[in-house]
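The values are calculated or read from the model by the stated rules, or taken from the named source; none is laboratory data. Bear in mind that the values here come from a model prediction, so they are computed numbers and not experimental data. We place every Cβ from the backbone using ideal geometry, glycine too, and count neighbours over all the protein chains shown. Protein only, heavy atoms only, side chains kept; ligands, DNA and RNA dropped before computing areas. Shrake-Rupley method; radii C 1.70, N 1.55, O 1.52, S 1.80 Å.
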Amino acid sequence: MAPSRIAQTALYQEVAERLRQRIFAHELPPGIRIDEQLLTVDYGISRTPLREALKVLAAEGLVTLRPRRGCFVTEISEQDLDEIFPVMAMLEGRCALEATHRAQAGEIAELEAIHRQLEFFASSNQIERFFEANQEFHLRIQEMSGNRWLRQAIQDLRKVLKLTRLFSLSIEGRLQQSLAEHAAILAAIRAGDATRAQTTMHDHILAGRQAVARSQPQLEAMA
């Protein structure tokens with residue numbers, strides 16, 4: 001019996017990615033109801049791949065399925081943040097420790113290059129570009145750790161945090177504070193001090209939680 005062909009990327013996965021990016025860009029803001037009928041028309045698809053895509057996003061925590069009410073973009077509560085950030089701090093701290101143990105000269109040079117981008121975007125107050133470079137900085141450390149399980153767990157949580165994190169960088173002084181924290185992490189990795197790298201990364205993540213808390217009044221004023 002001839003082996004069956006492996007199908008190309010399923011349609012629902014492409015739909016999920018499109019919706020994921022719209023959620024991250026806040027084109028679909030937290031709390032909004034997903035208009036399934038409109039999306040099927042816009043994307044030229046049936047309800048089946050759309051609903052499969054929404055199940056994927058629900059598993060990632062980006063949308064919430066409510067029986068008889070529909071699907072809504074997830075709203076992150078203060079309690080959610082208080083629970084997520086300590087877990088993130090623990091995971092990313094461990095990641096920095098393992099990355100420091102394994103770091104090669106070329107990898108450190110790449111991390112330094114990303115940090116120079118952070119410096120440039122901070123000096124020119126390009127918040128969105130800083131946010132993107134910040135994501136790359138953390139991802140690079142995750143790759144340096146060589147621990148795919150840590151990376152997977154961190155990325156799953158970061159998807160949820162993308163619903164709120166960009167606003168925290170708009171708080172006065174946070175951009176420069178974040179830059180200084182990244183510099184401290186880089187210095188620890190460069191020095192081969194794994195314990196310090198772990199501690200500075202852990203504290204950096206928790207400082208992000210404090211910044212998000214300070215950003216809440218701004219978000220409420222914008223609502």
Global form of the range 1-111, assessed from the alpha-carbon gyration tensor, a/c cut-off 1.5: oblate
Percent carbon-and-sulfur accessible area, the chain, ignoring ligands, DNA and RNA, probe 1.4 Å: 51 percent
With Cα atoms, 0 to 90° folded angle of helix 174-190 axis to the chain main axis: 60 degrees
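How long is the gain from GLU136 to ARG51 if the chain were fully straight, where each residue apart is worth 0.36 nm and the alpha carbon distance is subtracted?
Once the chain is fully extended between GLU136 and ARG51, it gains 27.5 nm.
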Highest-MSF residue in the chain out of GLY173, GLY208, GLY146 [GNM, Cα springs under 10 Å]: GLY173
Distance (nanometres) between label positions extended 7 Å along Cα→Cβ at ASP82 and ASN125: 3.4 nm
About the Cα centre, charge dipole magnitude for the chain (Lys/Arg +1, Asp/Glu -1 at Cβ), debye: 580 debye
Inter-label distance for GLU75 and GLN21, nm, one decimal - labels placed 7 Å from Cα along Cα-to-Cβ: 2.8 nm
0 to 90° range, to nearest 10: angle between helix 194-222 axis and the chain longest Cα axis: 50 degrees
Mean Cβ neighbour count within 10 Å, used as a protection proxy, ranking 37-49, 92-104, 13-25 highest first: 92-104, 13-25, 37-49
Calculated FRET value between GLU110 and GLU14, using beta carbons and R₀ = 25 Å, to 0.05: 0.25
Gain upon complete extension [ALA213, GLN176; 0.36 nm per residue less C-alpha separation]: 11.6 nm
GNM top mover of ALA187, ALA109, ALA213 - the chain, alpha-carbon springs below 10 Å: ALA109
Heavy-atom surface of the chain, accessible at 1.4 Å and reported per residue (Å²): 55 Å²
